[in-house]
Each structure stands twice: as C-alpha cells, then as structure tokens.
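The values are calculated or read from the model by the stated rules, or taken from the named source; none is laboratory data. Nothing here was measured: the structure is a model prediction, and the numbers come from that model. Cβ placement follows ideal geometry from the backbone for every residue including glycine, while neighbour counts extend to all protein chains displayed. Heavy atoms of the whole protein, side chains included, go into the accessibility calculation; ligands, DNA and RNA do not. Shrake-Rupley method; radii C 1.70, N 1.55, O 1.52, S 1.80 Å.
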Amino acid sequence: MKIALFSRRSGSGRVLRVAVAACALLAVGAGAPAPSPAASPPDPLRTSGTQVRLTGGAPRVPEVSALSWVVADARSGDVLAAHDAHRALPPASTLKTLFALALLPRVPEGRHRATAAELAGVGEGSSLVGVEAGRDYSVGDLWRGVFLSSGNDAVHVLSAMAGGTAAAVARMRETAEELGARDTHVVTPDGYDAPGQVSSAYDLAVFGRAGLSDPRFAEYCRTAVAQFPGRRGVYDIQNTNRLLTGALGVEAYPGAIGVKNGYTSKAGNTLIAAARRGGRTLVVTVLNPQDDTPGAVYEEARSLLDWGFDAAGRVRPVGSLEPPVAAGPPASHRPGPATEHAAAVAGDGAPQWRTTLLLGGCAA
C-alpha cells in the first residue's frame with residue numbers, strides 16, 4: 001500500500017523523512033520476536049539434601065539425624081543452612097505457633113468460663129494444662145497453658161472464643177498463606193495427628209520468626225514457669241521446651257528465648273528454638289530426629305544454634321523466610337524510542353494532522 005503526502009511547507013520533506021525512518025524502526029520492532037524472559041534459578045531450599053554456602057573460614061555444618069531442619073537469622077530472614085527444608089512432615093504441637101499467630105489478635109483480653117462442649121473435641125492422649133468446665137480463666141491463663149504446657153484443652157477453649165474450631169482452622173490457613181508458608185495444611189488447631197495435616201521446617205521457621213516480632217507471642221513463648229488456676233488454688237506449670245528451662249537431662253541453652261516444642265507418635269519430636277547472642281537472634285527448626293537418644297531434638301537444635309552463631313557473617317544465604325512479593329499491576333505502556341523520537345521531531349513546525357497521518361501510515 002502506498003501513502004501519498006503533499007505539502008507546500010518548506011519543512012515538510014524533513015518531517016516526512018523522519019516519520020518514514022520511524023516507520024521503518026517500528027516495522028522492524030514489530031517483526032522481531034519478543035525476548036523470552038530469563039529462566040528463574042532453581043530455589044536451593046527446594047533441593048533435597050543439605051544446602052549451605054560456606055565462605056573462607058566458615059565452620060562445617062554439624063551432622064544431625066533430623067529428617068528436616070533450618071537455621072535462619074530472625075532479623076533479616078536469611079536462611080543460613082537447611083536440610084530438606086520444604087519436606088512435608090507432621091508438625092505436632094509446633095503448629096500451635098501458627099494457632100497463636102492467627103488467634104492472638106482475635107481473642108480479646110478478659111475472662112471466660114470454659115464449657116464441657118468446648119472441651120469435648122480434645123483428642124485422646126492429648127497434652128493438657130488442666131482446663132475444667134465451669135471454671136473461669138483469664139485469656140492470659142489460657143495462652144500460657146498453650147505455650148508452656150502445650151495444652152490442647154486451652155487451644156479448644158480459645159478456638160471457641162474465636163468462633164469455633166472450623167473458624168480457627170480457616171484463619172490459620174489464611175495466616176499461613178499470608179506468610180508465604182505454602183507447605184502447611186491445617187486440619188486441627190492444636191497439631192494433634194490428623195490425616196493430611198503437615199508443615200515443614202521452612203514454614204515452622206517462618207511462624208517462629210513472625211511470632212518473635214509480636215510482643216505477646218514473644219512474652220508467652222519465653223516464659224519458663226507460670227501459675228495456673230485449679231480446683232485447689234493455683235499450681236505451677238513449667239514450659240516443656242527443655243532448651244529454655246533445662247530439665248530432664250537437657251542443659252538450658254544460653255540466650256534461649258523460646259519458641260515451641262512438640263511430640264506425637266506420628267511426628268516424632270519437633271522443635272522451633274530461638275536464641276539471642278551478641279545482638280543476633282537465630283531461629284532453628286528440627287523435625288523428627290532419627291536418633292532415639294533422649295533429648296536428641298534439643299541437642300541437635302543446640303548444635304545447629306552453635307553453628308549458626310559461629311558461621312554468621314561467613315556464609316551466604318541459601319534462601320529467605322520473607323514472604324514472596326506479590327506481582328504488581330503491569331507497568332503502563334510507554335511509547336518506544338522510535339515513536340518518541342518521531343513525535344519530538346514532528347512537533348517542530350509540522351501540523352498536527354500531518355504527524356497523525358504519518359503515524360497512522362506506520363500503523364497500517
């Protein structure tokens with residue numbers, strides 16, 4: 001197709017030549033295939049085995065028997081090392097960290113009288129703090145029962161206060177999604193074994209890190225001993241996290257600040273441990289050590305914490321606990337360089353109609 005243009009203006013030839021050049025550039029651009037986006041590098045944390053990037057002088061990662069583990073910096077979210085970080089495994093009571101993240105903002109401070117209906121769904125053989133139907137409890141009492149005694153009875157009462165078990169599970173799933181914890185599937189709010197209920201060392205590290213940034217969560221998870229109301233007055237309850245308290249042959253870890261331990265016959269021993277040293281806070285998760293020595297989950301967490309503090313600054317991160325950034329709206333369309341250049345030159349003395357017609361010819 002030919003487009004004939006006529007003008008008696010002296011500058012029309014120059015405008016025409018520039019516009020034709022722009023047409024040529026646009027035609028070349030239109031015919032060239034769009035560059036394919038660069039392939040994203042594989043995520044090391046989704047690779048099986050131990051992942052670590054040591055630099056000069058960094059200590060070697062200790063040998064541990066856990067099926068899955070993670071060592072991460074709580075402040076930056078950098079994962080310093082990991083082993084099968086995204087492996088789906090039963091979490092046991094470490095899932096109560098997600099329960100607390102989801103429901104702490106939804107259960108207001110105050111008092112509540114527990115009912116038999118609220119306690120009816122507690123699984124057989126569950127760990128209990130001793131909540132009794134018909135007795136009044138402060139919300140703080142119930143949360144201490146969750147964190148220290150891993151009380152499934154306290155979990156069920158708090159769930160009822162937030163709308164019921166189904167509502168609590170739904171909110172836990174939403175919270176996991178918001179945090180980018182995609183390995184976790186919640187079936188029960190207390191971590192009691194249930195078909196399909198899984199999490200991962202990575203997700204549990206995400207929950208532990210998020211919890212430490214919440215003042216109420218952080219206070220509850222680092223409390224070693226508290227009092228709980230009972231039928232004959234108050235009685236002492238002790239945190240079952242032995243790295244925090246030092247009990248049953250396990251030495252307390254210097255600088256320990258929580259977070260949560262767990263055990264079921266299906267999950268084995270599970271642990272989210274956090275400690276602070278020299279201005280640095282580490283979060284370590286250990287799932288199901290294969291070493292059947294008593295206290296193995298704590299000793300393996302201890303060795304990973306020791307390594308993390310020694311290696312900090314001498315390893316390159318293998319991943320991050322930060323949630324993935326959501327894709328934003330597409331960028332607004334900008335004219336290409338050839339179009340910008342043609343418009344700039346055509347604006348110098350050329351009538352608007354001529355510029356429009358020239359660009360229309362390019363489009364044709």
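In table form, for the structure just shown:
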read-out	value
Candidates R316, R276, R302 - the one that is closer than 23 Å to G56 by Cα and either without any contact (Cβ under 8 Å) to a residue 40 or more places away in the chain or among the charged types (D, E, K, R) (or both)	R316
All positions within segment 276-293 that are within 16 Å of the chain's Cα centre (by Cα) and among the hydrophobic types (A, V, I, L, M, F, W, C)	L282, V283, V284
Segment 251-272, residues that are open to solvent by less than 80 Å² (accessible area, probe 1.4 Å) and not β-branched (V, I, T)	A252, Y253, G255, A256, G258, K260, N261, G262, A267, G268, N269, L271
Single residue of segment 105-116 satisfying the filter (open to solvent by 60 Å² or more (accessible area, probe 1.4 Å) and free of Cβ contacts under 8 Å to residues at least 40 places away in the same chain) that is nearest to G262 (Cα to Cα)	P105
Residues that are over 22 Å from the mean Cα position of the chain (by Cα) and open to solvent by 10 Å² or more (accessible area, probe 1.4 Å), drawn from segment 154-183	H156, A160, M161, A162, G163, G164, T165, A166
First in segment 54-75 and over 28 Å from A267 (Cα atoms), second anywhere and hydroxyl-bearing (S, T, Y) and assigned to a strand (DSSP E or B), Cβ under 8 Å, 6 or more apart	R75/T281
Which numbered condition E124 fails, given (1) modelled with pLDDT under 95; (2) touching a Ser or Thr at 6+ places or on another chain (Cβ under 6 Å)	(2)
Any hit, segment 205-216, residues being surrounded by fewer than 19 Cβ atoms within 10 Å (Cβ to Cβ), modelled with pLDDT of 95 or more, in contact with a strand residue (DSSP E or B) (Cβ under 9 Å, 6 or more places away or on another chain) and not polar (S, T, N, Q)	no
Given (1) at pLDDT 95 or above; (2) buried (at least 18 other Cβ atoms within 10 Å of the Cβ); (3) more than 30 Å from S265 (Cα to Cα), number of the condition T285 does not satisfy	(3)
Residue that is modelled with the highest pLDDT, among those in segment 24-83 that are more than 26 Å from the chain's Cα centre (by Cα) and either of a type in the set (S, T, N, Q) or in a strand (DSSP E or B) (or both)	T55
Hey, A275 more than 19 Å from L89 (Cα to Cα), open to solvent by less than 10 Å² (accessible area, probe 1.4 Å) and not acidic (D, E) or not	yes
Set G134, G145, G121: member being open to solvent by less than 60 Å² (accessible area, probe 1.4 Å) and touching a residue at least 60 places away in the same chain (Cβ under 8 Å)	G145
